[in-house]
Amino acid sequence: MSSLKGQSGNWLLHLVVIIISVIAELIGIIKVPLGSSSVVLLPLFYAFIMGLLLNPNVISKAKCILTPEKAAKATPIIIISVFPFLAKFGTLIGPSLNKILEIGPAMILQEAGNLGTILIAMPVAILVLKMGRESIGACFSIAREPNIALISDKYGLKSQEGIGVMGVYVMGTMFGTLYFAILASLLASTGWFDPRALAMACGVGSGSMTAACSASLGESIPAMKDEILALAGASNLLTNATGLFVGLFIALPLTEKLYGLLTRKGNETVTKGSDLNV
């Protein structure tokens, strides 16, 4: 909680956030036709863009409004702001429990589906982007906090693998929520997938990404909104419960093996970084 100290004196940051929120809500929900599909733009999208433009770490001229030090104090608030939405998930999981149980094996085995991204991401990272062992940290997961802890414990965050996982973490934090919200509404409008499958896909282990994805999906299919939120919440809960073990015992060894096959270097000797003692 020490990171929350001093928030009361950071009035300018809170004022900027309030103004951005009001403007985003006034714009409202916009559906953009895209061929036979459509993309649902939520207030979250506009807020993200405005926040990006006012971030002094992204736009240097924004320092006249917010300094990097003041902007950094917004980080711990992100987690708190997602809590009400996660609480809403909890209230919807109970009434929808029978529907969740009907899905059964698909809900339990969904974590295995995340392994498929490794088979796509690793060849691109190594053969196209010419990445080294950074690709292991970058490709074995979506790089949320439990995944960072796993890489930190096994390799150290100053290692190549640590650089890879932190790179994806930063990009996911900055753009993952926006990307996920747009992708969800786009796929929902195509009719290619069952809405329940898309709802379960929202639960990737990130609270903000799950919230953005399920909210966008719910707006695209209003008749199933409560069911979508319940499935996304249950999926996210299961991912958090099982994701670390899948990453430790399946995803990371698979990524290491695939790295060896693609680079033909086999298993390299890895020296864990000493950053945990710094």
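The values are calculated or read from the model by the stated rules, or taken from the named source; none is laboratory data. Values in this document were obtained by computation on a predicted structure and should not be read as measured data. We place every Cβ from the backbone using ideal geometry, glycine too, and count neighbours over all the protein chains shown. Please note that ligands, DNA and RNA were not included when accessible areas were found on the heavy atoms of the full protein model with its side chains. Shrake-Rupley method; radii C 1.70, N 1.55, O 1.52, S 1.80 Å.
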**Item:** Flag for I59 being farther than 17 Å from A212 by Cβ, out of contact with any Ser or Thr (no Cβ under 7 Å at 6 or more places or on another chain), at pLDDT 75 or above and open to solvent by 30 Å² or more (accessible area, probe 1.4 Å)
**Value:** yes
**Request:** Would you mention how many residues in the range 196-216 are β-branched (V, I, T) and in a helix (DSSP H, G or I)?
**Result:** 1
**Message:** Quick test of your reading of the structure: S135 fulfils all but one of (1) within 19 Å of L237 (Cβ to Cβ); (2) surrounded by 24 or more Cβ atoms within 10 Å (Cβ to Cβ); (3) among the hydroxyl-bearing types (S, T, Y). Name the failing condition by number.
**Reply:** (1)
**Asked** Given the residues S216, S206, which is the only one that is surrounded by 24 or more Cβ atoms within 10 Å (Cβ to Cβ) and farther than 19 Å from L187 by Cα?
**Response** S206
**Message:** What are the pairs with Cβ atoms under 7 angstrom where one residue, in the range 202-228, is on the phi > 0 side of the Ramachandran plot and of a type outside the set (D, E) and the other, located anywhere, is part of a helix (DSSP H, G or I) and buried (at least 23 other Cβ atoms within 10 Å of the Cβ)? Sequence gap at least six, or different chains.
**Reply:** G205/N236; G205/T239; G205/G243
**Request:** Residue by residue through the range 45-54, note down the ones that are modelled with pLDDT under 80 and surrounded by fewer than 18 Cβ atoms within 10 Å (Cβ to Cβ).
**Result:** L52
